[in-house]
1. Just need a number here: residues in region A:498-526 that are in a helix (DSSP H, G or I), more than 8 Å from RNA strand B (Cβ to nearest atom) and modelled with pLDDT under 95.
2. Look at residue A:347 and say whether it is more than 9 Å from RNA strand B (Cβ to nearest atom), within 26 Å of residue A:135 (Cα to Cα) and either surrounded by 15 or more Cβ atoms within 10 Å (Cβ to Cβ) or modelled with pLDDT of 95 or more (or both).
3. For region A:229-246, does any single residue satisfy the condition of being assigned by TED's automatic domain parsing to the domain that holds residue A:134, more than 9 Å from RNA strand B (Cβ to nearest atom), assigned to a loop (DSSP other than H, G, I, E, B) and under 28 Å from the mean Cα position of the chain (by Cα)?
4. Grab the helices (runs of 4 or more DSSP H) fully contained in region A:1-113, keeping just those with 1 or more residues being away from RNA strand B (no atom under 16 Å from the Cβ) and surrounded by fewer than 18 Cβ atoms within 10 Å (Cβ to Cβ).
5. Filter region A:425-481 down to the residues that are more than 11 Å from RNA strand B (Cβ to nearest atom) and either without any contact (Cβ under 8 Å) to a residue 12 or more places away in the chain or exposed (fewer than 14 other Cβ atoms within 10 Å of the Cβ) (or both) and list them by number.
6. Do you know which residues across region A:179-189 are in a helix (DSSP H, G or I) and touching a helix residue (DSSP H, G or I) at 6+ places or on another chain (Cβ under 9 Å)?
7. So which residues in region A:285-329 are away from RNA strand B (no atom under 14 Å from the Cβ) and either over 22 Å from residue A:254 (Cβ atoms) or touching a residue at least 40 places away in the same chain (Cβ under 8 Å) (or both)?
8. Looking for whichever is part of a helix (DSSP H, G or I) and more than 26 Å from residue A:147 (Cα to Cα) here; the options are A:340, A:266, A:302, A:279. Which one fits?
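The values are calculated or read from the model by the stated rules, or taken from the named source; none is laboratory data. What you see is a predicted model; the values in this text were computed from it and never measured. All Cβ positions, even for glycine, are placed from backbone atoms using ideal geometry, and neighbour counts span all protein chains on display.
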RNA sequence: GCGCCCAUAGUUAAAUGGAUAGAACACUAGCCUUCUAAGCUGGAUAUGCAGGUUCGAUUCCUGCUGGGCGCACCA
């Protein structure tokens with residue numbers, strides 16, 4: 001919608017003799033207009049001062065038929081400022097039909113979440129889950145076909161560390177048989193994994209034992225396979241529980257390292273002959289240094305494929321099974337250099353992948369006390385955080401009597417945590433603070449849900465079901481502000497999708513919510529005279545629709561009441 | 001050591017090279033007989049340092065300082 005208005009103004013500017021690209025800015029306050037054209041660039045072209053340019057444009061356009069929408073044009077300093085007529089603006093915003101999604105038919109694979117079995121699910125995982133889910137929804141909204149993929153590490157050193165940890169527990173078989181719930185089991189695995197990890201680093205002897213276990217896991221040694229399968233299942237059940245809890249709809253394909261390592265090794269060994277990979281110090285490496293990158297080990301000196309080799313196989317499987325136009329790996333930024341090497345190697349082992357593999361970087365989630373590490377057990381668990389949020393919300397809602405209260409609390413908790421993650425720019429680091437992460441006020445998930453709840457409450461109390469399409473004779477400034485915010489929605493979605501940054505949506509929704517609360521404070525809906533009532537009713541319905549749609553794009557569910 | 005990234009109020013964090021650097025939290029003073037006070041209104045505080053490019057720099061360039069991450073057998 002905003003786009004159409006810009007095109008209209010651009011047409012006017014062309015008439016005034018402005019050529020070339022036109023960029024708009026939004027004036028710092030509403031008294032200075034609603035859209036502005038800065039004349040600095042023009043000043044060079046016209047060889048005049050920007051102030052004169054602005055004045056000249058306004059002068060020329062004074063005599064033009066501007067139609068109803070553009071009410072006034074004024075030169076303020078070096079800017080030509082355009083004032084939009086509130087009634088016309090309301091007509092445009094409120095009569096807007098739902099846009100048909102244009103099928104672009106590009107198939108995009110979004111690979112996200114990737115927890116590893118036998119390891120805890122922490123707030124870092126929440127970031128990839130939340131960001132990935134939102135990107136999926138943004139792409140789908142723009143008409144793309146999306147394949148939801150997840151790559152889970154179920155073989156490798158971390159498993160060996162965990163299993164070693166279990167084997168140290170006296171009578172471990174009877175001990176683990178006592179663990180009944182999915183959460184108990186997951187917590188147990190987290191603890192023994194941390195123990196294994198610590199012992200691995202402090203003792204050469206233990207290191208050797210764990211390495212031996214690792215080899216046994218790869219070779220599917222009978223002495224371990226039972227325990228391995230049981231605990232792997234525990235992890236996978238736990239992941240399902242977390243996915244469900246945070247509102248991840250589904251995965252089209254779960255990839256596992258256990259299905260990539262053999263093919264990965266094969267690809268790398270074949271690549272030695274063709275000179276893609278090279279033997280070095282008993283290992284097989286890819287010489288990234290030839291391309292300004294790092295050299296990396298693909299098969300270690302024990303003959304086992306590393307993550308690097310497995311990724312070669314993963315890509316082959318992904319392209320073979322889905323042939324996506326692009327694959328986005330939603331992975332933390334610490335792996336930026338790693339992916340550069342992987343993609344470079346893929347250009348040789350799988351030429352068709354060139355330009356189609358992408359690392360969608362998200363920033364680090366760190367604790368105020370320092371780095372998080374599941375190795376040492378110094379982590380904030382996803383489940384713990386959600387539980388804490390629920391406790392805090394339950395307290396606030398103590399006196400409220402509403403339907404399905406527990407479900408509502410659960411939804412608000414997820415909204416709080418997800419919004420906390422998504423409001424920060426995707427590439428920026430998040431310094432985690434519990435109180436902020438489960439904040440219920442200010443720029444928070446609950447603040448946004450509250451808008452919908454308030455509107456629902458008004459709609460419920462109004463007895464009338466059919467509202468006429470009417471516009472108030474005098475639109476209040478807070479109403480105009482709200483209309484202008486609504487106008488920006490589509491454009492914001494596009495920017496968020498193109499820049500692969502859901503935080504754009506998160507911040508937009510907060511602005512919209514603030515504009516609504518300002519309106520709510522000063523403009524009563526119920527009890528207003530008929531024309532105003534009808535107008536405001538349409539307006540709040542539009543706000544509700546926009547808020548729900550926007551939150552859905554973030555993967556956040558709304559609640560009827562709270 | 002080499003490479004990549006980052007630095008904005010007490011804290012967390014916005015700003016295609018453009019108008020008075022916009023918010024939230026915390027702190028503080030107000031606002032509920034009126035649509036949910038998880039709200040609204042008011043208040044103090046910020047671009048690490050030094051240069052450069054530009055009519056104009058939080059944004060681009062250089063140096064410095066301070067952080068983070070990666071750099072061969074983890075994922």
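1. The total comes to 1.
2. yes
3. Checked against the condition, which is being assigned by TED's automatic domain parsing to the domain that holds residue A:134, more than 9 Å from RNA strand B (Cβ to nearest atom), assigned to a loop (DSSP other than H, G, I, E, B) and under 28 Å from the mean Cα position of the chain (by Cα), region A:229-246 yields at least one hit.
4. Where helices (runs of 4 or more DSSP H) fall fully within region A:1-113 and carry at least 1 residues being away from RNA strand B (no atom under 16 Å from the Cβ) and surrounded by fewer than 18 Cβ atoms within 10 Å (Cβ to Cβ), they are A:2-15, A:50-62, A:86-94.
5. If the condition is that a residue be more than 11 Å from RNA strand B (Cβ to nearest atom) and either without any contact (Cβ under 8 Å) to a residue 12 or more places away in the chain or exposed (fewer than 14 other Cβ atoms within 10 Å of the Cβ) (or both), then A:463, A:464, A:465, A:466, A:468, A:469, A:473, A:474, A:477 are the ones that fit.
6. If the condition is that a residue be in a helix (DSSP H, G or I) and touching a helix residue (DSSP H, G or I) at 6+ places or on another chain (Cβ under 9 Å), then A:182, A:183, A:185, A:186, A:187, A:188, A:189 are the ones that fit.
7. Matches in region A:285-329: A:315, A:316, A:317, A:318, A:321, A:322, A:323, A:324, A:325, A:326, A:327, A:328.
8. A:266
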